[in-house]
Amino acid sequence: MGLIRRLERITAGRLAAFLHAQERPELALPGLLAELDEALAQARRAQAKAHSAERSAQRRLDELTGRVARLARGAQLALEAGDQATARQALTAQLQAERLLPARAEALQAAQAALADARRVCQQLQAVRAEVARRLQSLPTLDRAMTSAQAARDGAARGHRLLDEVARLVEPDPPSPLAPLEAPAERLTRDAEIQRRLATLRNRLKDR
């Protein structure tokens, strides 16, 4: 998901910082809008692939889980019929299948995480595109036409993508609303652990 990692850097904050740094930000809007349309199409294709991978991983896990259950039932039926050899074979196969379960579960989790990332990036790009479209539409009609024509000439001369510039900008993380609570919480956790260890030491002394 290298594409998703690249696209997730295109945020509203970085867009605002990029436009703020431009001498004539309106000239960048048409190019940004076109590039965002392309990026959105790429993100949607990535989301579709991630969705397909998630379904496949779920199916493989379900199939293996069902096999484990069937083998357990088969072993039970074999024992009830007095066929210990078949029961042993079923249990052996069940254990082999169970060893594959963690890997199948991890594969499903990875696919689900990739799908969640793709969906988030699609929503993020849609919001950024909406902001660029809003700014472009806010220009007077004549200015909008002149801006688009000038942007096309500048884009041909520029030879690089505007979204790459947006993605390179540093966007400061907003302060965590829980930050003031983190230090007291850590202190309480530490104090509780100290009390627990003290109690353990006291009990050891009493046992001597």
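Here are some notes:
- At an R0 of 41 angstrom, the distance between the Cβ atoms of GLU106 and GLN137 translates into a FRET efficiency of 0.30.
- In plain terms, the chain from ASP37 to ALA69 could stretch by 6.7 nm, reckoned as 0.36 nm per residue minus the Cα-Cα distance.
- Each eigenvalue of the Cα gyration tensor of region 11-56, multiplied by 5 and square-rooted, gives one semi-axis; in descending order these are 32, 11, 4 Å.
- Counting charges near ARG168 (Lys, Arg +1; Asp, Glu -1) among other residues having Cβ under 9 Å from its Cβ returns a value of 0.
- Inter-label distance, nm, simple model (7 Å from Cα along the C-beta direction), ALA17/SER56: 3.7
- Cut-off 14 Å between beta-carbons: net charge of the residues surrounding GLN96, Lys and Arg +1, Asp and Glu -1: +4
- Within the shell defined by Cβ-Cβ distances under 15 Å, the residues around ALA114 carry a net charge of +4, with Lys and Arg each +1 and Asp and Glu each -1.
Rule-based calculations on the coordinates, nothing more; no lab input. Source: prediction; values computed, not measured. Positions of Cβ are generated from backbone atoms using ideal geometry, with glycine treated the same way; all protein chains shown enter the neighbour counts.
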